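Trainee: One structure, pasted below without further comment.
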Amino acid sequence: MKSLSLLFLFLLLSLGATAQRTAILGALDQEIAILLDSLKEKKEVQHGGLTFYTGNLKGQAVVIGKSGVGKVNAAYSTAILLNHFTPKQLVFTGVAGGLHPESLPGDVVIGTKLIQTDFGQIDSVGFKISPFRKLLGGRYEDLYIHSDPELVQQAEVAAKQVVFLSISKRAPRVFSGVIATADVFVSNQATAEKLYTDYEALATEMEGAAVAHLCRTLGIPFIVLRSCSDNANQVARVSFNQFVRPAAINSAGIVLQLLSAMN
Ligand code: ADE
């Protein structure tokens, strides 16, 4: 009887410990490298064919994973992570194409709202975005899924404390606003401008809204943080290759500061 209650207590404690973790995902190795370098008491675990790293980052219990590129990979890895670790919150970090007319590589975008810009229908007139999403609980009558307001506020405060790497002709700027997600790497000026005018999107990337969709479905507070590696224009690929590392470091910088401030 005594050993049974001890086992029960142990299970409760380990569940409690897991529930306290902050989950961190990035699509590419470069996007999580700096976080893994700073991770203390690092342990590697495999779930669903994916590798996750648990440990302590800036005094917070975390689990870090690589989602892979695109919405399908992002949704899969988010589902596996949430199912196995039941974290208290999730932060997605990485790079994006900047869409604001004044945006330059190195700038940071705190995602207040996420939108899937390739979810809709195509008829003789062209593509029309769907005005609703289908979550497990039913229709979600909004184009945008909102990040957790508290995490947004904490990220905005954290961003003020970070010394960002400067990779353009001026110091990096911090924007807060919409992040657009689609299964495409945008390297076209007209498309970039349309994403900005149609959806007020400040950055375009390939995972955020899928992560938001899963977190919203399962009731996990989340935020998406990005730093611009390019301007989603005709030279985006070259710019991405040149700046993916420093931009990833800028985004990860906010994650580290956000965690520090949670102590
Ligand atoms: N990630 C970084 N740059 C991007 C771009 N231009 N389009 C989509 N995803 C990106």
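The values are calculated or read from the model by the stated rules, or taken from the named source; none is laboratory data. A quick note: this is a predicted structure, and the numbers were derived from the prediction, not measured. As a convention, Cβ positions derive from the backbone with ideal geometry for all residues, glycine included, and neighbour counts pool all protein chains shown.
Trainee: Of (1) surrounded by 24 or more Cβ atoms within 10 Å (Cβ to Cβ); (2) more than 17 Å from the chain's Cα centre (by Cα); (3) more than 14 Å from the ligand (Cβ to nearest atom), D198 satisfies all except one. Which?
Mentor: Result: D198 passes all but (1).
Trainee: Kindly indicate whether A210 is within 16 Å of the ligand (Cβ to nearest atom), buried (at least 16 other Cβ atoms within 10 Å of the Cβ), among the hydrophobic types (A, V, I, L, M, F, W, C) and within 19 Å of P101 (Cα to Cα).
Mentor: It is false that A210 is within 16 Å of the ligand (Cβ to nearest atom), buried (at least 16 other Cβ atoms within 10 Å of the Cβ), among the hydrophobic types (A, V, I, L, M, F, W, C) and within 19 Å of P101 (Cα to Cα).
Matching residues to (1) in a strand (DSSP E or B); (2) within 13 Å of the ligand (Cβ to nearest atom); (3) in contact with a Cys (Cβ under 8 Å, 6 or more places away or on another chain):
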position	(1), (2), (3)
I179	yes, yes, no
K194	no, no, no
L202	yes, yes, no
L214	no, no, no
I220	no, no, no
C228	yes, yes, no
Q234	no, yes, no
F240	no, yes, no
V244	no, yes, no
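Trainee: When the residues of region 61-74 are narrowed to those that are farther than 19 Å from Q89 by Cβ and either at pLDDT below 95 or aliphatic (A, V, I, L, M) (or both), which ends up surrounded by the fewest Cβ atoms within 10 Å (Cβ to Cβ)? Give the derivation first.
Mentor: Taking region 61-74 as the starting set, the residues that turn out to be farther than 19 Å from Q89 by Cβ are 68-73.
Restricting the remaining residues to those that are either at pLDDT below 95 or aliphatic (A, V, I, L, M) (or both) gives 69, 72.
Working: V69: 16, V72: 13.
Taking the candidates together, the pick is V72.
Trainee: Which of the residues belonging to region 85-130 are under 30 Å from V162 (Cα atoms), part of a strand (DSSP E or B) and β-branched (V, I, T)?
Mentor: Across region 85-130, the qualifying residues are V91, T93, V95, V108, V109, I110, T112, I115.
Trainee: Related question: When you scan region 129-145, do you find a residue that is of a type in the set (D, E), modelled with pLDDT of 95 or more and either surrounded by 10 or more Cβ atoms within 10 Å (Cβ to Cβ) or in contact with an Asp or Glu (Cβ under 7 Å, 6 or more places away or on another chain) (or both), even just one? Before the answer, list the steps.
Mentor: Filtering region 129-145 for residues of a type in the set (D, E) gives 141-142.
If we keep only those that are modelled with pLDDT of 95 or more as well, we get none.
No, region 129-145 has no match at all.
Trainee: List the residue pairs whose Cβ atoms are under 7 Å apart, where the first residue sits in region 165-191 and is basic (K, R), the second is crowded, with 17+ Cβ neighbours inside 10 Å, and the two are 6 or more positions apart or on different chains.
Mentor: R170/L104; R173/D107
Trainee: Does V184 fit the bill of being surrounded by fewer than 22 Cβ atoms within 10 Å (Cβ to Cβ), modelled with pLDDT of 95 or more, part of a loop (DSSP other than H, G, I, E, B) and near the ligand (Cβ under 8 Å from one of its atoms)?
Mentor: Yes.
Trainee: Also, quick follow-up: Do you know which of the residues in region 155-177 that are surrounded by fewer than 18 Cβ atoms within 10 Å (Cβ to Cβ) and in a helix (DSSP H, G or I) is nearest to the chain's Cα centre (by Cα)?
Mentor: Checked region 155-177; the qualifying residue nearest to the chain's Cα centre (by Cα) is E156.
Trainee: Would you say Q121 is in contact (Cβ under 8 Å) with a residue 60 or more places away in the chain and not basic (K, R)?
Mentor: no
Trainee: Moving to a separate point now. Of these, K58, K43, which one is modelled with pLDDT of 95 or more, surrounded by fewer than 23 Cβ atoms within 10 Å (Cβ to Cβ) and at positive phi?
Mentor: Just one listed residue meets the conditions, K58.
Trainee: Could you check, for region 68-81, whether at least one of its residues is of a type outside the set (V, I, T), within 14 Å of the chain's Cα centre (by Cα), part of a loop (DSSP other than H, G, I, E, B) and over 19 Å from L256 (Cα atoms)?
Mentor: Looking through region 68-81, at least one residue is of a type outside the set (V, I, T), within 14 Å of the chain's Cα centre (by Cα), part of a loop (DSSP other than H, G, I, E, B) and over 19 Å from L256 (Cα atoms).
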